[in-house]
Amino acid sequence: MTPPIASATGSHTIEGIARVVRVEGLVAWLEPEQTTSCGSCASAGACGAGATGLGTVASRIAARRFPLDNPGGLTVGERVVVGVDDRALIKAALTAYALPLFAALAAGGLAQGAYGSDPLTLVAMLGGLGSGLLAARAGARRLDRRGDLAPRFLRRARPGETCHPGQEET
């Protein structure tokens, strides 16, 4: 991904390059391109870039495919630059991680203050975590319905363009 690019509204867009792998009517299916650092991080097996983990490499890469509206007539094999608003990514991270954690800690703190019992505090924390996860699920659905997390087509990639400014493709 490239560094954030400022927009007129003051927000930033996180950009990445993807390749069109299938076109179905007005929907293009894209796969994010791997960068040279992909596959060497600790979570490579989970994202599909690494050669370890469950399933074949092809099935993990196929799981990373995502749809994109295609009114511009993209064709299979084209490279495009897509972007997501950085504020949407922050909202998603807060929804997925901070909300359940806050709910668990708040429930545990209230239980500890009210009863002073470690077993009850543990039960309250588990209940708070469950409630927080349910709230996070509802929040994620809302973000998804609004389209906040959907990548947006920005432009067709220039020949040799990579995710890293100033570097040419080899």
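Applying the condition of being over 24 Å from Asp85 (Cα atoms) and not in a helix (DSSP H, G or I) to the stretch 126-170 and asking which residue is modelled with the highest pLDDT yields Pro159. Do the conditions hold for Ala46, that is, is it at pLDDT 90 or above and assigned to a helix (DSSP H, G or I)? In short, no. Filtered by the rule that a residue be out of contact with any Gly (no Cβ under 7 Å at 6 or more places or on another chain) and crowded, with 18+ Cβ neighbours inside 10 Å, the stretch 92-128 gives Ala92, Ala111. Condition check for Gly77 on (1) out of contact with any Gly (no Cβ under 7 Å at 6 or more places or on another chain); (2) farther than 20 Å from Leu30 by Cα; (3) small (Gly, Ala, Ser): one failure, at (2).
Is it fair to say Gly77 is part of a loop (DSSP other than H, G, I, E, B) and at pLDDT 85 or above?
Spelling it out, Gly77 is indeed part of a loop (DSSP other than H, G, I, E, B) and at pLDDT 85 or above.
Okay, residues lined up against (1) closer than 22 Å to Val23 by Cβ; (2) of a type outside the set (Asp, Glu):
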{"site": "Ala63", "(1), (2)": "yes, yes"}
{"site": "Leu74", "(1), (2)": "yes, yes"}
{"site": "Val82", "(1), (2)": "yes, yes"}
{"site": "Ala103", "(1), (2)": "no, yes"}
{"site": "Ala107", "(1), (2)": "no, yes"}
{"site": "Tyr115", "(1), (2)": "no, yes"}
{"site": "Gly127", "(1), (2)": "no, yes"}
{"site": "Asp148", "(1), (2)": "no, no"}
{"site": "Arg155", "(1), (2)": "yes, yes"}
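Suppose the filter is closer than 14 Å to Ala140 by Cβ and either in contact with a helix residue (DSSP H, G or I) (Cβ under 7 Å, 6 or more places away or on another chain) or at pLDDT below 95 (or both); does Ala107 pass it? Against the criterion (closer than 14 Å to Ala140 by Cβ and either in contact with a helix residue (DSSP H, G or I) (Cβ under 7 Å, 6 or more places away or on another chain) or at pLDDT below 95 (or both)), Ala107 does not qualify. Whether a residue is of a type outside the set (Phe, Trp, Tyr), surrounded by 16 or more Cβ atoms within 10 Å (Cβ to Cβ) and at pLDDT 85 or above was assessed, and Ile61 does not pass this test. Every listed requirement among (1) at pLDDT below 85; (2) out of contact with any His (no Cβ under 8 Å at 6 or more places or on another chain) is met by Leu99 save one, (1).
The values are calculated or read from the model by the stated rules, or taken from the named source; none is laboratory data. Please read all numbers here as calculations on a predicted model, not as lab measurements. Reconstructed Cβ throughout: ideal geometry from the backbone, glycine too, with neighbour counts over all protein chains shown.
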